[in-house]
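Participant: Have a look at this one.
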Amino acid sequence: MRRVKRLGTGTVPAGQGTLFDTWRYHAAFTDSPLSLKDAERDHRRHAVVEQVIADVKNSAFAHAPSGHFQANAAWLALAAVVHNLTRAAGALAGTFHARATTATIRDHLINVPARLARSARRLTLHLPERWPWSMDFTQLFSTVHAPPAS
């Protein structure tokens, strides 16, 4: 059993007595020979991996299984590349998108509601006014298009 101090009093579930006002309790059941601290760290590491797998399954790898081994292999390779590039773009865009799922990064930064205009042989991308992700998009764009460091 692990006891964690509550950070805010507003997080106390309704109807609980005074025993749970200050502390939250977490029970851990395992047959692992690890200590509680090591078992909890292992569980959290495994939870991160599970979140990445779920994120990949909900994006590019949603097309698998197709019934053909080569098609599944191709979808897996493409899903891994797309996932890594999307996560890298999110990390370059800012702190919020560094922790966001790939679906959120796609919705906020890749599927941009912009207008492309051409004038004097030059392309101009017009982003929407009051678009909440314009700073993150600009940060990503300027980082990717910056000259290489010497």
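Participant: For Ser119, state whether it is among the hydroxyl-bearing types (Ser, Thr, Tyr), without any contact (Cβ under 8 Å) to a residue 60 or more places away in the chain and surrounded by fewer than 10 Cβ atoms within 10 Å (Cβ to Cβ).
Facilitator: Numbers: among the hydroxyl-bearing types (Ser, Thr, Tyr): yes; without any contact (Cβ under 8 Å) to a residue 60 or more places away in the chain: yes; surrounded by fewer than 10 Cβ atoms within 10 Å (Cβ to Cβ): yes.
So Ser119 passes the test.
Participant: Pick from Phe69, Phe61: which is touching a helix residue (DSSP H, G or I) at 6+ places or on another chain (Cβ under 8 Å) and modelled with pLDDT of 80 or more?
Facilitator: Phe61
Participant: Can you tell me which residue in the range 103-116 is most open to solvent (accessible area, probe 1.4 Å), limited to those that are farther than 17 Å from Ser59 by Cβ and either touching a residue at least 12 places away in the same chain (Cβ under 8 Å) or of a type in the set (Phe, Trp, Tyr) (or both)? Reasoning before the result, please.
Facilitator: Start the filter on the range 103-116 by keeping residues that are farther than 17 Å from Ser59 by Cβ, which leaves 112-116.
With the extra rule that they be either touching a residue at least 12 places away in the same chain (Cβ under 8 Å) or of a type in the set (Phe, Trp, Tyr) (or both), the set shrinks to 112-114.
Values: Val112: 39, Pro113: 78, Ala114: 43 Å².
Only one residue tops the list, namely Pro113.
Participant: Being part of a loop (DSSP other than H, G, I, E, B) and over 15 Å from Met1 (Cα atoms) is the filter; apply it to the range 12-31 and report the residue that is modelled with the highest pLDDT.
Facilitator: Thr22
Participant: Out of curiosity, is Glu129 open to solvent by 40 Å² or more (accessible area, probe 1.4 Å), free of Cβ contacts under 8 Å to residues at least 60 places away in the same chain, among the charged types (D, E, K, R) and assigned to a helix (DSSP H, G or I)?
Facilitator: Here the answer is no, as Glu129 does not meet what is asked.
Participant: Counting only residues that are in contact with a helix residue (DSSP H, G or I) (Cβ under 9 Å, 6 or more places away or on another chain) and without any contact (Cβ under 8 Å) to a residue 12 or more places away in the chain, which one in the range 88-102 is surrounded by the most Cβ atoms within 10 Å (Cβ to Cβ)?
Facilitator: Ala100
The values are calculated or read from the model by the stated rules, or taken from the named source; none is laboratory data. Everything numeric in this text was worked out from a predicted model, so none of it was measured. Counting neighbours? That spans all protein chains shown, and the Cβs are built from the backbone with ideal geometry, glycine included. To get the accessible areas, we keep the full protein, side chains included, count just its heavy atoms, and leave off ligands, DNA and RNA. Shrake-Rupley method; radii C 1.70, N 1.55, O 1.52, S 1.80 Å.
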